[in-house]
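Engineer: Got a structure for you, questions after.
The values are calculated or read from the model by the stated rules, or taken from the named source; none is laboratory data. Small disclaimer: the values here were computed from a predicted structure and weren't measured. Side chains included, ligands, DNA and RNA excluded: accessible areas come from the protein's heavy atoms. Shrake-Rupley method; radii C 1.70, N 1.55, O 1.52, S 1.80 Å.
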Amino acid sequence: MNRPAAGWIDRLPTDHLITEFSIWSSDLLRIADEVARIEPYANVIHIDASDGVFADTLLMFPEIVARIRSITDKPIHVHLMVGEPALINQINQFAAAGADAISIHAENTLLTDSGIARINELGLVAGIVLKVDTPVAKLIRHLPRVQLVTLFGAGIGEREGISQSATQRIQEAQKYIGGIPSDHRIILVADGAIREDTVPVLRKAGAQAIVAGKLVFDAPDLGKRMEWLKSL
């Protein structure tokens with residue numbers, strides 16, 4: 001199985017914006033070709049997985065991750081948007097399929113602790129995600145056990161602009177991350193409404209990484225788009 005070398009998260013860039021390429025926005029009829037196209041540019045391959053209940057859209061499956069894993073050694077980050085009855089089982093399935101990082105939602109209140117524990121037990125990078133209306137303080141108790149913190153700046157799947165509170169929330173999260181004694185790197189990720197006009201604002205607020213969809217997959221010139229992102 002293709003895998004990134006151990007400690008991959010510590011080797012992600014610190015001198016420019018980290019870009020996670022969201023496969024949801026790729027040409028899904030040509031996923032293998034799309035992975036080959038983005039491989040020179042993507043820091044991380046991002047997989048959104050949803051049960052159609054926690055978030056409206058039914059998205060991605062472990063089999064897709066397994067196929068992508070077979071053709072790339074790029075880190076694969078799975079964002080799980082599933083209800084609590086299925087959470088641990090889905091963690092196990094995506095881990096077996098080849099995920100390197102799995103992020104779960106703070107809104108999975110009953111199983112967040114056991115979910116993060118299971119991800120860590122499997123030797124994967126654990127992450128916590130907050131919806132746009134969830135208080136940022138909810139992530140504090142999880143920080144010692146995660147290395148990815150993802151904040152949504154818009155509702156999941158929404159095509160509108162970012163929330164007026166998005167930059168403030170990033171700054172608040174950054175303060176909490178900086179205030180937690182930790183011997184591991186924690187990367188602050190912005191997701192939702194990632195566009196040309198929003199990325200500079202999110203980056204200035206303190207985002208270290210973005211989950212990019214159409215911004216990269218539909219770019220007229222991907223190389224130039226990535227040069228721009230790295231300049232921020």
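Engineer: Would you kindly find the accessible area of V189, with a 1.4 Å probe and non-protein molecules such as ligands, DNA and RNA excluded, rounding to the nearest 10 Å²?
Structural biologist: Per-residue accessible area (V189): approximately 0 Å².
Engineer: Right, next: With respect to the cross-link table entries K74/K138; K175/K224; K74/K224; K131/K224; K131/K175, which display a Cα-Cα separation exceeding 26 Å?
Structural biologist: K74/K138; K175/K224; K131/K224
Engineer: If you take every DSSP beta bridge fully contained in the chain, what fraction is antiparallel? Give it as a percent rounded to 5.
Structural biologist: Values: 2 of 34 bridges.
In the chain, approximately 5 percent of DSSP beta bridges are antiparallel ones.
Engineer: Could you work out the relative contact order of the chain, using alpha carbon pairs under 8 angstrom and six or more residues apart, expressed as a whole percent?
Structural biologist: Taking the mean separation of contacting Cα pairs over the length of the chain, I get 19 percent.
Engineer: Turning to a different aspect of this structure: In terms of modelled amide H atoms, which long-range or inter-chain residues lie less than 5 Å from the amide H of V78?
Structural biologist: Here I47, D100, A101, I102, S103 satisfy the definition.
Engineer: So how exposed is R169, as accessible area in Å² (1.4 Å probe, rounded to 10)?
Structural biologist: Near enough 20 Å² of accessible area.
Engineer: Might you tell me the accessible area per residue for the chain, computed with a 1.4 Å probe and given in Å²?
Structural biologist: Averaged over the residues of the chain, the accessible area is 45 Å².
Engineer: From the phi angles alone, apply the Karplus equation (6.51, -1.76, 1.60; θ = phi - 60°) to the range 12-21 and give each ³J(HN,Hα) in whole Hz, x where the residue is Gly or Pro.
Structural biologist: 5, x, 10, 9, 7, 4, 7, 10, 9, 8
Engineer: Looking at the range 1-135, send over the antiparallel percent of its DSSP beta bridges, to the nearest 5.
Structural biologist: Beta bridges within the range 1-135, antiparallel portion: roughly 10 percent.
Engineer: Using 0.36 nm per residue of separation minus the Cα-Cα distance, give me the extension gain between D218 and A96 in nm, one decimal.
Structural biologist: Full extension from D218 to A96 adds 40.8 nm.
Engineer: Oh, and also: How much of the accessible area of the chain, in percent, comes from carbon and sulfur atoms when a 1.4 Å probe is used?
Structural biologist: On the way: 5220 of 10350 Å².
Using a 1.4 Å probe with all protein chains present, the chain comes out at 50 percent carbon and sulfur.
Engineer: Hey, what number do you get for the chain at 222 nm if only DSSP H runs of n ≥ 4 count, each worth -39500 (n - 2.57), divided across all residues, to the nearest 500?
Structural biologist: Per the formula, -9000 deg cm²/dmol.
Engineer: Tell me the relative contact order for the range 88-175 as a rounded percent, counting alpha carbon contacts under 8 Å between residues six or more apart.
Structural biologist: Details: 113 pairs, mean separation 21.0, N = 88.
Dividing the mean separation by the residue count of the range 88-175 yields 24 percent.
Engineer: Using only alpha carbon pairs under 8 Å that are at least six residues apart, calculate the relative contact order of the range 1-137 and give it in whole percent.
Structural biologist: Once divided by the residue count of the range 1-137, the mean separation gives 20 percent.
Engineer: How would S231, S165 line up by accessible area, probe 1.4 Å, largest first? List each step's numbers first, then the result.
Structural biologist: Details: S231 85, S165 40 Å².
Ranked from most to least accessible, the order is S231, S165.
Engineer: While we're here: Going by amide H atoms built from the backbone, whose H comes under 5 Å of the H on I187, apart from near neighbours?
Structural biologist: Counting only residues 5 or more places away or on other chains, the set is L148, V149.
Engineer: Separate question: Order the following by accessible area, largest value first: L222, L111. Probe radius 1.4 Å; ligands, DNA and RNA are ignored.
Structural biologist: Largest to smallest exposure gives the sequence L111, L222.
Engineer: Name the lysines eligible as straight-distance cross-link partners of K230: C-alpha to C-alpha under 16 Å, and not fewer than 8 places from it in the same chain.
Structural biologist: Result set, ordered by chain and number: K204.
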